[in-house]
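Following: one structure in structure tokens, then a few remarks.
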Amino acid sequence: MERRGRKQDVNGEMTAAVLYGEEDVRIERVPIPQLGDGEVLIKVQVALTCGTDVKVYQRGYHARMIVPPALFGHELAGFIEEVGPGVRGFKKGDRVVALNSAPCQMCFYCSKHQPNLCEDLLFNNGAYAEYIRIPKRIVEMNMLAIPSTVSYEDAAMVEPLACVLRGLHETGVEIGDTVVVIGGGPIGLMFVQVAKAIGCHVVAVVKRDSQVTAARNMGAHDVVQITQVEDPIDAVRMLSRGKRGGDVVIEAVGRPEAWQWAIEMVRKGGTVNFFGGCASGSKVQLDTDRLHYSEITLKATFHHTPETVRKAFALITEKKIRPTDYITGEAPLSRLQQVLHHMLDRNGDIKTAIIPGD
């Protein structure tokens, strides 16, 4: 889906979404960002909704990424409208995807090969807008040129896919493993698709009818619908080899109850990945006997790294992942508030492509 750019507003303004608080996103006219050394201005062609954005919209903030009032959105693709001084390797008109963060490469965590935990991790928001400024560090480290064979919509899926790839790698998933994925949202479905692609037996645990269909379409071998079974834990174990539980269980919902389910769904010696981030202040109770005597490994993975970004981009450009399978709707920027409110009901929409108006 290609869209032509337009000259910048004579008043130096653009239309953008501004987050003010809980379920309060307003479409306003704001100044077009001015560029500094090494920065670029992207004319946004598509910005995708995601589960994180829905949570941020519902809660009114994100502890790490955004404090209102602030420009909103982080999955985007477009073309370069303007380049600042000192930019190398990119020029005006280039089709690009820019990630939402970049590490400093100098702190303790970067030196430990954990750039996602960087002490100065630079986040960038503002994808739901006509233009977005990309800071120098992201331009140099996490902005990629889009081949002509790849659509803007497909390219914009790099960020969530990079997070999923890192989650699977850190969990130590192996070919032939039984992988249980709790959650039928965009991230959960992506875990299903990638785990199936690498040769795992995938059990999806979902809530709604539409998620059952989506999970099967993404390759789930078995689906447990929690509203149709008496005990989701028993239902999952019945589908595993020897009724032992999954080799790996990935929680991709972000609810304390699901975190506790995950521990009960995994086999002895298995691994649980708490991928879904719960609301700040959430607590869970753990069965210490089960953890200790069953040698259960508990992990959590957060965000992506420049390495997994490139791996995700390669899967998309090589057509090994079908990003457009996740895009179930399209809407103009002016309807963003309604789209996010609608998605709170978990109505079957996976992702909506938000298109800034011309």
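The values are calculated or read from the model by the stated rules, or taken from the named source; none is laboratory data. Computed from a predicted structure; not experimentally measured. Counting neighbours? That spans all protein chains shown, and the Cβs are built from the backbone with ideal geometry, glycine included.
The residue list Ala215, Ala312 contains one member that is among the small types (Gly, Ala, Ser), touching a helix residue (DSSP H, G or I) at 6+ places or on another chain (Cβ under 9 Å), over 21 Å from His201 (Cβ atoms) and at pLDDT 95 or above, which is Ala312.
The set of residues from the range 30-50 being within 15 Å of Pro135 (Cα to Cα), touching a Lys or Arg at 6+ places or on another chain (Cβ under 7 Å) and buried (at least 24 other Cβ atoms within 10 Å of the Cβ) is empty.
Is the range 274-288 home to any residue that is under 22 Å from the mean Cα position of the chain (by Cα), under 13 Å from Thr178 (Cα atoms) and either surrounded by fewer than 18 Cβ atoms within 10 Å (Cβ to Cβ) or modelled with pLDDT of 95 or more (or both)? No, the range 274-288 contains no residue that is under 22 Å from the mean Cα position of the chain (by Cα), under 13 Å from Thr178 (Cα atoms) and either surrounded by fewer than 18 Cβ atoms within 10 Å (Cβ to Cβ) or modelled with pLDDT of 95 or more (or both). Counting only strands (runs of 3 or more DSSP E) that sit completely within the range 205-324, those holding 1 or more residues that are in contact (Cβ under 8 Å) with a residue 24 or more places away in the chain and more than 17 Å from Gly184 (Cβ to Cβ) correspond to 246-251, 266-274, 297-299.
Within the range 50-81, being among the aromatic types (Phe, Trp, Tyr) and either closer than 15 Å to Asp24 by Cα or not assigned by TED's automatic domain parsing to the domain that holds Arg133 (or both) holds for Tyr57, Tyr61, Phe72.
Tally time: how many residues in the range 166-185 are assigned to a helix (DSSP H, G or I) and either over 19 Å from Lys320 (Cβ atoms) or of a type in the set (S, T, N, Q) (or both)? Spell out how you get there, then give the answer.
Initial filter on the range 166-185 (assigned to a helix (DSSP H, G or I)): 166-171.
From the residues that got through so far, the ones that are either over 19 Å from Lys320 (Cβ atoms) or of a type in the set (S, T, N, Q) (or both) too are 170-171.
Count: 2.
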